[in-house]
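Participant: Quick one: the structure is below, questions incoming.
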Amino acid sequence: MKRLRVVLWILMLLPGAVFADERDDRYGGQDRGRPLQPARLNPTWAKECSACHIAYAPGLLPAESWRKLMSGLDKHFGADASVTPQENQEITAFLVANASNRWTGAGAPLRITETQWFKRKHSAEEVPAAVWKRASVKSPANCQACHAGADRADFSERSIKVPG
Ligand code: HEC
Ligand code: HEC
């Protein structure tokens, strides 16, 4: 009888354990966080990081990515995005504090577009290769070409519109 109870317990716990693993390993652990955008925004980040593209929500990348990116702003994807040391400290603190809280995997890519979650959500089935090359899109980093609410970190399905 006791042994039967133990076996039943194990059987009951098994599916839970399997599901938990699956959730943790989603996108090989390279998952974006929740929420993507904190309720309180940092004005220096909002100003300095939206000069050339949208200010990408901090939850899109893990803390280590933001640290790396912020320590190389003078050579930022071919652009000079330098800020003063104080501004750098302030922006880094904001990004790190609000970075992805679901990133359990290895690696700290500098690009959102190189993360596993991004590649899965934008598979060739969802976005055919030719779409990325359209003049209206130009670059996968140009989120707002398809996500009208990208600057507010709104990527919900109902606000997606892929331009022709
Ligand atoms: C002087 C212009 C400029 C400024 C200012 C700037 N960036 Fe960028 N950023 C770029 C360019 C150019 C790219 C590459 C875009 C592309 O590949 O289409 C880029 C790309 C990025 C990417 C990668 C996007 C991807 O491909 O997933 C991140 C993340 C990023 N910037 C963060 C920041 C942050 C944080 C700040 C503020 C500290 C900032 N940027 C300020 C020019 C700038
Ligand atoms: C060429 C158009 C296009 C561009 C550019 C684009 N996306 Fe998307 N994105 C899509 C489509 C289409 C989907 C819907 C995929 C699906 O239905 O699962 C999507 C899905 C998403 C989702 C998941 C939404 C959800 O509810 O599951 C997120 C988050 C996202 N994109 C973020 C980004 C970010 C961040 C960028 C820029 C770095 C970006 N996207 C650039 C077309 C685009």
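None of the figures in this text is laboratory data; all of them are computed from the coordinates on show. Everything numeric in this text was worked out from a predicted model, so none of it was measured. Neighbour counts run over all protein chains shown; Cβ positions are idealised from the backbone, glycine included.
Participant: Which is the longest run of the chain containing none of the GluC sites (Glu not before Pro) found in DSSP loop states (not H, G, I, E, B) with at most 16 other C-beta atoms within 10 Å?
Facilitator: Working: sites that count: Glu125, Glu126.
Longest gap between qualifying sites, sites excluded: 1-124.
Participant: Also, I was wondering about something else. Please identify every one of the trypsin sites (Lys or Arg not before Pro) in segment 88-164 that sits in a loop by DSSP and has no more than 15 other beta carbons within 10 Å of its own beta carbon.
Facilitator: For trypsin sites (Lys or Arg not before Pro) across segment 88-164 that sit outside H, G, I, E and B with at most 15 neighbouring Cβ atoms in 10 Å, the list reads Arg111, Lys133, Arg134, Lys138, Lys161.
Participant: Eight or more residues apart or on different chains, and alpha-carbon atoms under 26 Å: count the Lys pairs in segment 31-159 matching that.
Facilitator: For segment 31-159, the number of qualifying lysine pairs is 13.
Participant: Lys/Arg Cβ at +1, Asp/Glu Cβ at -1, dipole of segment 31-159 taken about the Cα centre: which of Ala150, Leu73, Val83 is farthest positive-ward?
Facilitator: Ala150
Participant: Under the rule a/c < 1.5 gives rounded, and otherwise a/b versus b/c splits prolate from oblate, where does segment 20-157 land using the Cα gyration tensor?
Facilitator: oblate
Participant: Hey, rough spin-label estimate for Asp25 and Gln86, points 7 angstrom out along Cα→Cβ, what's it come to in nanometres?
Facilitator: 5.0
Participant: Simple spin-label model, 7 Å along Cα-to-Cβ: Ala129 to Arg67 in nm?
Facilitator: 3.7
Participant: Percent relative contact order of segment 31-159, based on C-alpha pairs within less than 8 angstrom and at least six residues apart?
Facilitator: Details: 143 pairs, mean separation 40.7, N = 129.
Answer for segment 31-159 is 32 percent.
Participant: When the C-alpha atoms of segment 104-164 are aligned to their principal axes, what extent does each axis show, in angstrom, from largest down?
Facilitator: The principal-axis extents, from largest down, are 36, 26, 19 Å.
Participant: For His76, what residues show an amide H to amide H distance below 5 Å, using hydrogens built from the backbone and excluding near sequence neighbours?
Facilitator: Counting only residues 5 or more places away or on other chains, the set is Ala81.
Participant: Mind checking which of Pro128, Pro140, Pro62 has the largest fluctuation in a GNM of the chain, springs on alpha carbons under 10 Å?
Facilitator: The residue with the greatest mean-square fluctuation here is Pro128.
Participant: Over the chain, with a Gaussian network built from C-alpha contacts below 10 Å, which listed residue (Thr115, Thr84, Thr44) shows the highest mean-square fluctuation?
Facilitator: Thr84
Participant: Among Trp45, Trp103, Trp66, which one moves the most in a GNM of the chain with springs linking Cα atoms closer than 10 Å?
Facilitator: Trp45
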